[in-house]
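The values are calculated or read from the model by the stated rules, or taken from the named source; none is laboratory data. This one's a predicted model, so the numbers in the text were calculated from it and none came from an experiment. Heads up, the Cβs are rebuilt from the backbone with ideal geometry, glycines too, and the neighbour counts pull from every protein chain shown. Only protein heavy atoms, including side chains, enter the accessible area calculation; ligands, DNA and RNA are left aside. Shrake-Rupley method; radii C 1.70, N 1.55, O 1.52, S 1.80 Å.
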Amino acid sequence: MFRDARLRRASQLEGQDLRLIQTLILRRREAPSRRMQAPMFTEPGPPMAFYFVQFLTGLASAASLFLVASGLSIIFGVTRIVNFAHGAFYMLGAYVAFTLTERFSGALGFWGGIVVAALVVAAVGVLVEMVLLRRIYHAPELFQLLATFGLTLMVQDIVVLIWGPDDLLGRRAPGFKGAVDFFGQNIPSYDLFLIALSPVVLGVLWLLFQRTRWGVLVRAATQDRDMVAALGVNQKWLFTSVFALGVFLAALGGALQIPRDAVHHALDLRIIVEVFVVVVIGGLGSIIGAFVAAVLVSELNAFGILIFPKISIILVFLVMAVVLIVRPWGLFGKPEAAARRTPGLTVNPWRPLTSGERSMSIGTLVLAAMLPLFAGNYALTVGSEIAIFVIFAASLHFLMSVGGLASFGHAAYFGLGAYGVAFLAKAAGLPMVVSLLLGPVLGLLGAAVFGFFAVQLSGVYFAMLTLAFAQIIWSIAFQWVTVTGGDNGILGVWPDRWASSPSSFYWLSLAVAALVVTVLRVIVFSPFGFALRATRDSPLRSEAVGINGKRVQWTAFVISGAVAGIGGALFAYLKGSVFPDSVGISLSVDALVMVLLGGVETVSGAVIGAIVFKAANIWLVSQTDLSKLVLGGFIVLMVVAFPKGIVGTLEMLRNRRRSTDTKSALATSQVEVAE
């Protein structure tokens, strides 16, 4: 996601002169071979001119970032949807703009193509809102996140299907092909155009929201949607118009980037995390906050690589984490009223397994243990990976379902467990058993530290803080090359001889997965589990009876992180290596998908969700080049048709059948009594 060549190379150039570093930064952005009429650099100018040019470079990057972030902020402020697909609309804007600007020549063709591309993508956004999102507005935020993530997967394959997998280089903007000399430093004129454009867009948005009736309704809906609906406002069309505006801004931001950057099918994931950072720092629903935060983040990126090349990526997420801890609603946001929660409204009362269900579970485990008797090595390797991800999904499910805490960065503790094993096995030379026992401690410690701050927040702010912490861990793993190996990873983490065969490692993974799921289930029905569920359902009532809610939630966070670390430790031995991807946001989203597919309102639905998701993912990758399209469509279908997940839907059908049988038996007994 963030494997930008300029960052990898700059992180290895500490101590070299600033001139070379600046060249690397701007070469990635400007691609000097692409029709520049004026040379990018001349002889070195005064130091102040150099830093001024760097400052302007940050402002130019902030312009596009502001457009995308303001759109996401508007959408979330009104609809309360965490739109993970916002980056996909940004990417679509870039692709459509590339096609139109290449098809039509001249200045009118270029600038008209930019605007038309944004309008076309906005129309696609309206269609998505009416067909998909309108059906899930009243669903929990996590289901909305899951639906938009499925949409993102679909768009990634669609753009490859239409435009191909290669990077596309757009033409220069007519009228802005040269550069402006500033004391020997050349500033691209297109950058100056973007710098001037962003405050103009900010002013137009401010007038739209402050001086029009539609803007008043949008601001009112941001504060209290229910009251706006009670006053007779048609919420459906209000939401649709807001979503269209947000998507238009995202697509416009992507379209305006084609003269500065190559268009490729990873643009969505590259931009979405930065946009989340901007929205969180500025304040959810605040346009001015999005503008200020976009400038702050872009300048941190521009100067961080010069001043702190070893931690340039970490700086942004450190700022995000500090803002969330000190002022959770952002620099310009407003605190939201606590949502009223009704105990037992959405989560059915849980019960331990009956003797029959326990016997069925043991029988299923025995059948799974017999897989090495007839399956080949590839099937056993896949089975080991599925068992590991059952552990990972179960750890997040425990935190989400039992604790009511939705983490967007749970891969941090999975990755810490993997790196912990790699350090012990490679650096210390410890045997596999010792490494497996001690390696997950790193995940536990990370969860203990980060969890202390995270549990002070709730809702989307909690989720965003966990995302910030996860990205900090990812940044450290990516940039601390001397310890973690950086993008090259740590290689040669192989299991000992007793677990080296596929069958032996499969049995080990299966046994650990079964033990972890059993222990977590026992905790759910222990006194601690009841206290955790009480804190989830009614914090005020639980506090009134003497439960220390924050301490209970922190303990659950630590348990969840430790279990995720166990999964990461096994994963390191399965793959024989550890890379920063083990801590990446994509893995965190995979865990969310597994939990929600299984059923977040169930006790152990994550087990089924992990098995179905990983098996489907691995099978689709081997069968078709459009695996993301199929998997994304399946996820969207599950959210719309089966919002309770696989296990939750099965339990609902079973309870409905039992209720019908009970009513029938009662009616029969009444008839017999009457006779």
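Side notes on the structure shown:
- Residues in region 62-102 reached by a label modelled at residue 229 [backbone nitrogen below 15 Å; 7 Å Cα→Cβ]: 78-81
- Gyration tensor (alpha-carbon) shape descriptor, region 120-202, a/c threshold 1.5: prolate
- Within the chain, helix-based [θ] at 222 nm, where runs of 4 or more DSSP H residues each add -39,500 (n - 2.57), nearest 500: -23500 deg cm²/dmol
- Here the chain is treated with +1 on each Lys and Arg Cβ and -1 on each Asp and Glu Cβ, and its dipole about the Cα centre works out to around 640 debye.
- Annotation: peptides 76-82, 103-109, ranked by per-residue average of other Cβ atoms within 10 Å with the highest first, follow the order 76-82, 103-109.
- Cα centroid separation, region 558-604 to region 377-404 (Å): 6
- For the chain: lysine pairs under 26 Å (alpha-carbon distance), excluding those fewer than 8 apart on one chain: 11
- Dividing the convex hull volume of the alpha carbon atoms of the chain by its residue count gives 185 Å³ per residue.
- The distance separating the Cα centre of region 99-165 from that of region 249-287 comes to 13 Å.
- Over all pairs of different C-alpha atoms in region 5-309, the reciprocal of the mean inverse distance, the Kirkwood hydrodynamic radius, equals 20.1 Å.
- Listed peptides 607-615, 228-236, 49-57 by packing density, highest first (mean Cβ within 10 Å): 607-615, 49-57, 228-236
- If you take the Cα centroid of region 628-645 and the Cα centroid of region 468-505, the two points sit 32 Å apart.
- Solvent exposure of region 232-283 amounts to 22 Å² per residue of accessible area, where only protein heavy atoms count and the probe is 1.4 Å.
- Value of relative contact order over the chain, rounded to a whole percent, pairs C-alpha under 8 Å and six or more apart: 18
- Taking 0.36 nm per residue of sequence separation and removing the Cα-Cα distance, the residue 200/residue 139 pair yields an extension gain of 18.3 nm.
- When the solvent-accessible area of the chain is split by element, carbon and sulfur atoms take up 67 percent of it, the probe being 1.4 Å.
- For peptides 158-168, 252-262, 354-364, 410-420, sequence by mean Cβ density within 10 Å, most packed first: 410-420, 252-262, 158-168, 354-364
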